[in-house]
1. Go through the stretch 22-47 and count every residue that is loosely packed, with under 15 Cβ neighbours inside 10 Å, in a loop (DSSP other than H, G, I, E, B) and at negative phi.
2. Tell me which residues, restricted to the stretch 103-122, are loosely packed, with under 15 Cβ neighbours inside 10 Å and either of a type in the set (A, V, I, L, M, F, W, C) or closer than 23 Å to N3 by Cα (or both).
3. Identify, by number, the condition in (1) modelled with pLDDT of 95 or more; (2) at positive phi; (3) not β-branched (V, I, T) that E120 doesn't meet.
4. For the stretch 49-83, enumerate the residues that are part of a loop (DSSP other than H, G, I, E, B), buried (at least 18 other Cβ atoms within 10 Å of the Cβ) and among the hydroxyl-bearing types (S, T, Y).
5. What residue, of T80, T68, is more than 20 Å from I128 (Cα to Cα) and more than 18 Å from the chain's Cα centre (by Cα)?
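The values are calculated or read from the model by the stated rules, or taken from the named source; none is laboratory data. Just so we're clear, the structure is a prediction, and the values are computed from it rather than from any experiment. All Cβ positions, glycine included, derive from the backbone under ideal geometry; neighbour counts span all protein chains shown.
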Amino acid sequence: MSNEVCGYLEPALNLSSKTALLEFIGKSQLGIQAISRNQVYNYPADLLPDDDFFIFLIGDVPGYHNSTYLTDDYQYDPETVDIGFPVNPKERVDILIDTLLDIIKVTHATRMVVSITECEKIEAIKKIHIDELHAVIHADFDKYQAPPDTLYDIICI
């Protein structure tokens, strides 16, 4: 199974926002990469990105497209496994959420649409404000004990 985090930013990025984002991506320990519109799966037609939006995928590390460790609910034993992340799943989800917030901040996005799924299934759509991001995503992970198969439409203004 593959856990995936993908989404897009609105509006289309200007040169300074794109430069700031590329600098952020270059310094990130996560695998944030641009993808094309046709690599966004199972989004409803009204939530598909325009071609000129920044469309992204976040993996556990650069060059890796799955977000397995970031989004699984396993409590790893630090004595036997070194996953490169905190062993507590809530702390790993915090890393993901903080990365999403940082992307919004450096680009001055007014909207982010992002899905956190297992096997690219979207079973729920939630429209939330940026201030609710931590609480809503953590509640969903607590409820499902797995990637929530949810598309979050995040208003950032």
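1. Going through the stretch 22-47 one residue at a time, the tally reaches 4.
2. Once the filter is applied, which keeps residues that are loosely packed, with under 15 Cβ neighbours inside 10 Å and either of a type in the set (A, V, I, L, M, F, W, C) or closer than 23 Å to N3 by Cα (or both), the stretch 103-122 yields C119, K121.
3. Of the numbered conditions (1) modelled with pLDDT of 95 or more; (2) at positive phi; (3) not β-branched (V, I, T), the odd one out for E120 is (1).
4. Of everything in the stretch 49-83, just one residue is part of a loop (DSSP other than H, G, I, E, B), buried (at least 18 other Cβ atoms within 10 Å of the Cβ) and among the hydroxyl-bearing types (S, T, Y), namely S67.
5. Among T80, T68, only T80 is more than 20 Å from I128 (Cα to Cα) and more than 18 Å from the chain's Cα centre (by Cα).
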